[in-house]
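The values are calculated or read from the model by the stated rules, or taken from the named source; none is laboratory data. Only a predicted model underlies this, so the values are computations on that prediction, with no experimental measurement involved. Virtual Cβ from ideal backbone geometry, glycine too; neighbours counted across all protein chains shown. Remember, those area values only see protein heavy atoms, side chains included, never the ligands or the DNA or RNA. Shrake-Rupley method; radii C 1.70, N 1.55, O 1.52, S 1.80 Å.
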Amino acid sequence: MRIRRALASDHAIGWTFAGPAVLLVIVFGLVPIAWSFLLSFQRSNLIAPPRFTGLDNYRYLLKDPTFREAARHTLLYTGLFVPISVVGSLFVAIALNRKIWFVRFYRLAVFVPVVASTIATSFMFLWLFDSTYGLANFVLGKVGLGPFGFFDSTHDALYSIVAMTVWGWIGFDVIIYLAALQGVPRELIEAAEIDGAGRWSVFRNIIVPWLGPATLLLIVWSSINALQLFDEVYFVTHGGPLHSTYVLVFYLFTLAFTQGVAGYATAIAYVLFVAILILTIIQFWIGKKVVHYSS
Amino acid sequence: MAGLTFDHVTKTFAQGTVAVNDLSLQIAEGEFMILVGPSGCGKTTALRMVAGLESITSGRIVIGDRVINDVSPRDRDIAMVFQNYALYPHMTVAKNLAFGLRQRKAPKEEIDRRVGEIADMLGLEGLLKRRPAELSGGQRQRVAMGRALVREPKAFLLDEPLSNLDAKLRVAMRAELKRLHQRLEITTIHVTHDQVEAMTLGDRIAVMNEGALQQLGDPQEVYDRPANLFVAGFIGSPPMNMLRGVVSRGRIEAGDLAVERPSLPDGEVVVGVRPEAFLIAPDGAASTELTVEIVEPLGDEVLVHGSIGGEPARSGAELDEELLPLERGSRARITARLDPSARPSPGDRLPLRVAPERVYVFDARTGTALT
Amino acid sequence: MSAETLADRITWPEESNAASPRPRRWLPFSPWHLFLVPFSLLMLLPLIWMVVTSLQTQKESLVFPPTLVPKSLEFSNYAHALSAAPFGRWFLNTAIVTVAVVISNLLLCSLAGYAFARIRFFGREVTFLALMATLMVPFPVVMIPTFLIVKALGMFDSLAALIVPNLVNVFGIFMLRQFFRTLPVELEEAARIDGASRLSVLFKIVLPLSLPALATLAVIQFMWTWNDFLWPLIAIFSERNFTLQLGLTVFQTSHTTNWPLLMAGNVMTMIPMLVLFLAAQRFFIRGIATTGLKG
C-alpha cells in the first residue's frame with residue numbers, strides 16, 4: 001500500500017519537474033511543427049484566415065524557377081563550405097595538438113571568430129571586402145591577386161560568403177577535432193611505431209580512422225547548418241547582387257514576411273526539412289560503413 | 001634472432017625521478033627472461049627502453065651487435081605485446097596481424113602465408129574476419145601476441161600480458177606462452193609483478209626494486225639462495241617469515257630460534273624462515289612453540305598462521321596495505337606450511353623446529369644475505 | 001574518458017618520449033610556428049582591422065590603399081555611435097532577454113533533465129523521444145507558426161516574444177540529463193534515505209555537483225541568445241525593442257559609408273561576448289567538445 005503510494009507520487013513528481021519544460025516544448029515546438037505541416041497545404045498571408053489549397057503549394061514548388069535557383073545556390077554553398085571547413089579544421093587541429101610555445105594563444109585566435117555573432121562577422125567582412133576601400137583587395141594586391149568585387153560582384157559574392165562563414169565557424173570544428181585527437185590512445189600509436197609505421201603511416205592508418213566519428217559528426221552538423229544559411233545573406237547581400245546569393249531560407253523568409261505568401265513558404269521549409277533529414281540519413285549510412293568504431 | 005644486453009642503463013625522468021638505476025643485464029639469444037618486481041620498480045620502463053618508447057638517459061642497450069640507443073622503434077626489429085593489447089580497433093584480426101608486414105612492404109603471398117601460420121599456431125583461424133571489439137579478452141590477447149610474432153622479430157617484449165585475464169585463463173595462457181617459446185625460440189623479455197608467473201615462465205628471472213636489479217638467476221636459484229632481504233621476501237608465496245636477530249660469537253639468536261653458524265660476524269641481523277621449513281617437532285627437539293591463530297586448509301597441506309617468540313622484521317617487499325599488522329613486543333606473527341595430519345586448531349600450541357641449514361640470515365642494515 | 005575531462009585536457013597536448021635519431025634542427029623553434037603564426041594573424045585580422053578602422057576619421061578610411069595606422073586615435077567615433085543610435089537601449093534589451101532565457105533554461109532544464117535522468121514516471125521514454133525529435137526539425141520550419149502563436153498571445157513586438165519561446169531549449173534538457181546520469185546515484189539514494197525530498201536532492205546534492213555542466217550550458221545558451229538574429233528579426237518590429245544584432249542592421253543602413261562610425265558600433269556590440277568568452281573560455285570549449293562527443 002505504502003509502496004504503491006510512493007510509486008504514484010514518483011509519477012506526480014516526475015511530471016511536476018518535467019511538466020513546465022514539456023509544456024513549453026509542446027507549445028513552441030511540437031505544435032508549430034504540426035501546424036507548419038498543415039500550413040503547407042494552405043494559402044496564408046499571416047493576417048487573414050488561411051484557405052486550404054491541397055497540394056497546390058507543392059505542385060508549384062516543382063515548377064518554381066526561383067526555388068530552383070535558390071536550391072542551386074544553397075547546394076553550391078554547402079558543397080563548398082562543408083569540405084573546406086572540415087578538411088581545413090583537421091589540418092589546423094593537428095597543428096594545434098602539440099606542446100609548443102603560445103599554443104594557448106593560437107587556440108584562442110582560432111576560436112574567437114566563433115564567438116562573434118553572424119551579424120558582427122558580416123559587418124566586419126562587409127568592410128574588409130569592400131571592393132573600393134577594403135583591406136582585402138589591398139593585401140591580395142600585394143601578392144598579385146585581384147582586385148575582387150567580393151560582395152558587389154555576381155561572380156564573387158557567393159564565394160565571399162563561403163570565405164566569411166568558414167572564417168567564422170572553423171574554430172568549432174577545430175575544437176571537436178582537437179578533442180578527438182587528444183583521445184587517441186598512446187599505446188595504439190606506440191604499437192604502430194613498433195610495427196614499423198612511419199609518421200605518415202601512423203596518421204593514415206591509426207589517426208584518420210580514429211577521427212572517423214568526429215569527421216562524420218562535423219560533416220553532418222556543417223551540412224545541416226550550411227543548408228540553412230540566412231543571416232549573412234540578409235545582412236550583406238540581401239540575396240544579390242542579381243540573386244547570385246539567393247538561398248532557400250532567405251527565399252522562404254521573403255515569401256512569408258515580405259510578400260505574405262506564408263503557405264508556400266512553409267511548403268518550401270518542409271521540403272528543406274525533408275532534404276536535410278534524407279541527407280543526414282545518407283551520411284550516417286555511409287558513415288556506418290566507413291567508420292568502424294564501437295565505443 | 002639475437003641476444004640483448006643492458007649496459008649500465010639509467011633512465012631519469014624530467015621531474016627528477018630515477019626510474020631505472022644502472023641496470024646491467026645480459027640476455028642470451030633465445031632466452032626467456034623475466035623482469036619481476038613490485039609496481040614502480042622500473043621493469044616496465046626498462047622494457048619500454050628496449051622498445052624505443054622511452055629514451056635512454058645513460059648507458060647502452062645492444063641488440064645482437066647493434067647499439068640501438070638512437071634507433072627509432074620502427075627500425076629496431078622488435079615486437080611488443082601491450083598490457084591492454086593495443087589492437088587496431090578499426091581493422092579486422094587479419095589486418096591487425098598483417099599490419100607490421102605491410103609496413104615493411106613484404107610481398108602479398110608472404111604476408112598471407114605468415115598470417116595463416118600464426119593464425120594456425122594461436123588458434124585464430126576462425127576469427128580472422130572479426131574486429132577486436134567482437135573478441136573476448138583471451139582472444140584479443142592471442143591476436144596481440146600473433147601480431148608481434150608474425151614479424152619474426154629479433155626480440156619479443158611482453159608488458160604484463162596476462163594481468164588482464166581472469167585467473168583460470170591466466171594459468172592456461174601461461175602454459176601456452178611457454179609452449180610458444182619452446183617452439184619459436186625467440187629472445188623474450190616478459191615483465192610482470194606476479195612472482196608466481198615469474199617463477200613458472202622464466203629461464204632466468206631478474207628481480208627489480210626501486211629501479212635497481214636485486215638479483216639475477218634461474219627461478220630455483222633465486223628461490224633457494226636469495227641475494228638480499230627484498231628478494232627473499234618478494235619471491236615465494238606465502239612470503240618468507242622475518243624475525244629480528246643478533247649474531248654473537250658465531251651463534252644466531254632470533255626470538256626462540258637459535259642456530260650455530262660460526263662463519264658469521266657479530267651484529268644485528270634479520271633471520272628468514274620459509275613457511276615450509278617449519279616442521280612439527282617431536283617432544284624435546286622443538287626450537288619454538290607456535291600459538292595458532294588461523295588455520296587455512298589447502299587439501300594436501302595446511303597453512304597455519306600464528307605467533308612465536310621473537311621480534312618481527314620487514315623485508316621491504318610487503319605491500320603497502322599490509323592486512324595483518326605485525327605483532328608488537330615479544331611475539332612475531334608467522335605462517336607455517338604443515339602436514340594436514342597435525343590437525344591444528346586455533347588456540348593450539350604447536351612445537352615446531354627448523355632445520356638449521358634452512359635458516360636465512362641477512363644483514364639488518366644493508367639487507368644483503370650472509371652465509 | 002568523459003567529454004568534460006577530455007575538454008580540460010585540450011590545453012595541454014602530450015608529446016612522446018620516444019627514442020629517435022638525433023633531430024637536425026634547422027630553426028631554433030618548432031616549424032609548426034611558421035604555419036600557426038600567419039594563420040592566427042589571418043583569424044584575427046578582421047577583428048584587428050575593425051578596431052583600427054574604428055579609430056580613424058571617415059576621411060582617413062575612405063582611401064585606397066587603406067591607412068594601416070590611424071593618425072590619431074578618434075575615440076570620438078564611439079561617442080558618436082552611442083548618440084547616433086540607441087545602443088544603450090538595445091544593449092539593455094539584449095541583456096534582459098539573454099539573462100532571462102539563461103536563468104529560465106538553467107532552472108527548467110535542470111528540473112526536466114533530472115526527472116528524465118532519475119525519476120521513473122509514466123510516459124517518460126516516449127516524452128523524451130518526442131522532445132529529442134524536435135531537435136531534428138530546423139528552425140525555418142517552425143518560425144512561421146511560432147510567429148502566429150506569438151501574435152495570438154499578444155506578445156508580438158515585445159521582449160516577451162524573444163523570451164517566452166526560448167524559455168526551454170531541448171538541447172539543454174538533453175545535455176543535463178546526460179550529465180546527471182554520470183553522477184553516482186548512491187549519493188542521491190543516501191540523501192533520500194536520510195529523508196530528503198526529491199527537490200532537496202536536486203538542489204542540495206545534484207546541482208552543486210553539476211556546476212561545470214551548468215556553467216557550460218549557461219555560457220552556450222548565453223551565446224546563442226545574444227547572437228540570435230532570425231527570430232528577433234521576425235518577432236520585433238519597433239526599433240526601441242531591437243536587440244543589438246537587429247540594431248546593427250539599421251545602424252548600417254543609416255550610416256552606409258561612415259565606416260569608422262559603423263565599426264565603432266560593431267566593436268561595442270562585440271565586447272560583452274568577447275569579455276564573457278575570455279572569462280569563461282574553459283566552458284565554451286567544454287561546451288563545444290561535449291556537443292561533438294555525444295553523437
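When the alpha-carbon atoms of chain C are used, the pair Rg, Dmax equals 24.3, 75 angstrom. Other protein chain C-beta atoms within 10 Å of residue C-beta, averaged over C:115-121: 6. When all alpha carbon pairs of the range A:150-295 are counted in 5 Å bins from zero, the resulting P(r) reads 2, 8, 13, 14, 14, 13, 10, 8, 7, 5, 3, 1, 1, 0 %.
Using only Cα atoms, what is the ratio of the radius of gyration of the protein assembly as shown to 2.2 N^0.38 Å? Walk me through the intermediate numbers first.
Numbers: Rg = 37.1 Å, N = 961, 2.2 N^0.38 = 29.9 Å.
Ratio of Cα Rg to 2.2 N^0.38 Å: 1.24.
Of the listed peptides A:156-166, C:90-100, what is their order by residue-averaged count of other C-beta atoms within 10 Å, with the highest listed first? Walk me through the intermediate numbers first.
Numbers: A:156-166: 22.0, C:90-100: 19.0.
Output ranking for A:156-166, C:90-100: A:156-166, C:90-100.
Only alpha carbons enter this Debye calculation for the range B:1-63, each as an equal point scatterer, and the log10 of I(q)/I(0) it gives at q = 0.15, 0.25 Å⁻¹ is -0.43, -1.14. Chain B contacts chain A over a buried accessible area of about 2000 Å², both sides summed; the probe is 1.4 Å and only protein chains count.
Radius of gyration (Cα atoms) of the range B:236-371, expressed as a multiple of 2.2 N^0.38 Å: 1.02. Taking Cα atoms, how many degrees apart are the long axis of helix B:108-122 and the longest axis of chain B, rounded to 10 and kept between 0 and 90? With rounding to tens, the tilt is 30 degrees. Heavy atoms of chains C and A lose about 9200 Å² of accessible surface on contact, summed over both sides with a 1.4 Å probe. Per residue of peptide A:136-142, the mean number of Cβ atoms on other chains within 10 Å of the residue Cβ is 3. In the range B:1-79, which GluC sites (Glu not before Pro) fall in coil by DSSP and have 14 or fewer other Cβ atoms within 10 Å? Here the GluC sites (Glu not before Pro) that fit, given the DSSP loop and packing criteria, are B:Glu29. Taking only protein heavy atoms and a 1.4 Å probe, the accessible area of the protein assembly as shown is 60% carbon and sulfur.
Sorting the Cα pairs of chain A by distance into bins of 5 Å, from 0 upward, gives 1, 5, 8, 11, 12, 12, 12, 11, 9, 7, 5, 3, 2, 1, 0, 0, 0, 0 percent per bin. Considered as an equivalent ellipsoid built on the Cα gyration tensor, the range B:90-196 has semi-axes of 23, 17, 12 Å, the largest given first.
For A:Gln42, the residues 5 or more places off, or on other chains, whose built amide H falls under 5 Å of its own are A:Thr53.
Could you do me a favour and compute the accessible area per residue for the range B:173-244, 1.4 Å probe, result in Å²? Let's see the in-between values first.
Details: 2780 Å² over 72 residues.
In whole numbers, the range B:173-244 has 39 Å² accessible per residue.
Taking all protein chains as shown and a probe of 1.4 angstrom, B:Glu260 keeps an accessible surface of around 120 Å².
In order along the range C:131-142, the phi-based Karplus estimate (6.51 cos²θ - 1.76 cosθ + 1.60, θ = phi - 60°) of 3J(HN,Hα) comes to 4, 4, 4, 5, 5, 7, 8, x, 4, x, 5, 9 Hz; Gly and Pro are listed as x.
Placing +1 on the Cβ of every Lys and Arg and -1 on the Cβ of every Asp and Glu, with nothing else charged, gives the range A:154-272 a dipole about its Cα centre of roughly 160 debye. Rounded to the nearest 20 debye, the dipole size of the protein assembly as shown about its Cα centre is 2680 debye, using +1 on the Cβ of Lys and Arg and -1 on the Cβ of Asp and Glu.
Kindly provide the trypsin sites (Lys or Arg not before Pro) of the range B:148-257 that DSSP labels as loop, not H, G, I, E or B, and whose Cβ sees at most 15 other Cβ atoms within 10 Å.
On the way: sites: B:Arg151, B:Lys154, B:Lys168, B:Arg170, B:Arg174, B:Lys178, B:Arg179, B:Arg183, B:Arg204, B:Arg244, B:Arg249, B:Arg251; in loops: B:Arg151, B:Lys154, B:Arg249.
In loop regions of the range B:148-257 (DSSP not H, G, I, E or B), the sparsely surrounded trypsin sites (Lys or Arg not before Pro) are B:Arg249.
With the largest listed first and rounded to whole Å, the semi-axes of the equivalent ellipsoid of the range A:82-187 from the Cα gyration tensor are 31, 14, 13. The chymotrypsin sites (Phe, Trp or Tyr not before Pro) of the range C:190-283 that meet both conditions, a loop assignment by DSSP and at most 14 other Cβ atoms within 10 Å of the site Cβ, are C:Phe237. Remark on B:Asn209: its backbone amide H falls under 5 Å from those of B:Gln214, a criterion applied only to residues 5 or more positions apart or on other chains, H modelled at 1.01 Å from N.
For the range C:97-163, the calculated P(r), taken from all Cα-Cα distances in 10 Å bins from zero up to the bin holding the longest distance, is 17, 33, 39, 11, 0 percent.
The modelled label-to-label distance for the pair C:Phe35/C:Arg282, using points 7 Å beyond Cα in the direction of Cβ, is 3.0 nm. The coefficient of translational diffusion for the range B:177-275, derived via Stokes-Einstein from the alpha carbon Kirkwood radius under 4 °C and 1.567 mPa s, stands at 84 µm²/s. Positive end of the dipole of the range C:38-148 (Cβ unit charges, origin at the Cα centre): among C:Ala79, C:Ile119, C:Thr94, the Cα lying farthest that way belongs to C:Ile119. Our coupling estimate for the range B:227-241, obtained by passing each phi through the Karplus curve with A = 6.51, B = -1.76, C = 1.60 and θ = phi - 60°, is 6, 8, 4, 4, 4, 4, x, 7, 8, x, 9, x, x, 4, 7 Hz, Gly and Pro reported as x.
Placing unit charges on the Cβ atoms of the charged side chains and taking the dipole of the protein assembly as shown about its Cα centre, the candidate lying farthest along the positive direction among C:Leu47, B:Ala281, C:Thr290 is C:Leu47.
Compared with the dominant principal axis of the Cα atoms in chain B, helix B:167-184 is inclined by about 60°.
Please list A:Ser89, B:Ser237 in order of solvent-accessible area, largest first, computed with a 1.4 Å probe with all protein chains present.
Working: A:Ser89 0, B:Ser237 75 Å².
In descending accessible area the options line up as B:Ser237, A:Ser89.
When you work out D = kT/(6 pi eta Rh) for chain B at 37 °C and 0.692 mPa s, using the Kirkwood radius from C-alpha pairs as Rh and the Stokes-Einstein form, the result is 143 µm²/s. Charged neighbours of B:Lys108, selected by a Cβ distance under 12 Å, balance to +1 (K, R count +1; D, E count -1).
Close amide H contacts of B:Phe278 (hydrogens built in the peptide plane, cut-off under 5 Å, sequence separation of 5 or more or a different chain): B:Arg337.
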